[in-house]
Structure formats: structure tokens, C-alpha cells
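Participant: Below is the structure I would like to discuss, written out as C-alpha cells.
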Amino acid sequence: MKIATFNINNVNRRLPNLLAWLKSARPDIVCLQELKAADEAFPEAALRRAGYRAVWRGQKTASRSSPAAASPFSRARICPEEARTHRADISRRPCAGC
């Protein structure tokens, strides 16, 4: 199994680079950082055409007030059922099966 990370620094601007890299590197799992895209702007369809399913959580801005405000995943876990539907509500407590 090949797991890779990619600091994409704006997934929509660099989508052609990401798709070319996915085609050549062929990782099984990719963790993208710095999406810089709100949930509705994430290019799910393009990634699906490339053979990948995605789970993501975007935000429009970050905050200087606290790490928890800047990173919604800092103390959250995603319920597997929510991950399956691609729309995790990270404000909820983890489900009993997590």
C-alpha cells in the first residue's frame, strides 16, 4: 500500500498538477494539505474521474484566536458512516463505534 501526502496549497489552482502526479505516482491513499477551498468548491468530480474517492473538510478562513478555531480537526474524529457519505459534521461528538 502506498500512502502519500501532498501540500497542494490551493487544490483548484493546482488541480492539473495533482491529477498528473496521481497518474504517475499512483498512491493508494493521498492526504492533501492546504486545500484552500470551501466544501462546495472541492473538485470531487475530477478526483473521482481520476479513480479516487474523497473525504474532505474545507473552510474559508483560519483564525488567530486559537488552534482549535483554526483547525477543526484538532480534536475531532469523523464517524465512519459520515466519512462514507463524504459529509462529516465535525462539530458532533464521535459516534459510539469510533
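Participant: Look at region 41-50 and say how many of its residues are over 11 Å from PRO16 (Cα atoms), of a type outside the set (Gly, Ala, Ser) and assigned to a helix (DSSP H, G or I).
Facilitator: Matching residues across region 41-50 total 3.
Participant: Taking only region 20-40 into account, find how many residues are more than 13 Å from ALA54 (Cβ to Cβ) and part of a helix (DSSP H, G or I).
Facilitator: 6
Participant: Additional query: Condition first: at pLDDT 95 or above and of a type in the set (D, E, K, R). Can you find one or more residues in region 1-18 that meet it?
Facilitator: The answer is yes, given that some residue of region 1-18 is at pLDDT 95 or above and of a type in the set (D, E, K, R).
Participant: Ok, one more. Are there any pairs, at least 6 apart or on different chains, whose C-beta atoms fall under 6 Å, with the first in region 29-44 and over 10 Å from PHE6 (Cβ atoms) and in contact (Cβ under 8 Å) with a residue 24 or more places away in the chain and the second surrounded by 18 or more Cβ atoms within 10 Å (Cβ to Cβ) and not polar (S, T, N, Q), and if so, which?
Facilitator: Note: pairs meeting the criteria are LEU35/VAL11; ALA37/VAL11.
Participant: Looking for whichever is touching a helix residue (DSSP H, G or I) at 6+ places or on another chain (Cβ under 7 Å) and modelled with pLDDT of 80 or more here; the options are ALA25, ALA62, ALA46, ALA38. Which one fits?
Facilitator: Result: ALA46 is the single residue among ALA25, ALA62, ALA46, ALA38 that is touching a helix residue (DSSP H, G or I) at 6+ places or on another chain (Cβ under 7 Å) and modelled with pLDDT of 80 or more.
The values are calculated or read from the model by the stated rules, or taken from the named source; none is laboratory data. Predicted model, so just to flag it, every value in this text is computed and none were measured. Reconstructed Cβ throughout: ideal geometry from the backbone, glycine too, with neighbour counts over all protein chains shown.
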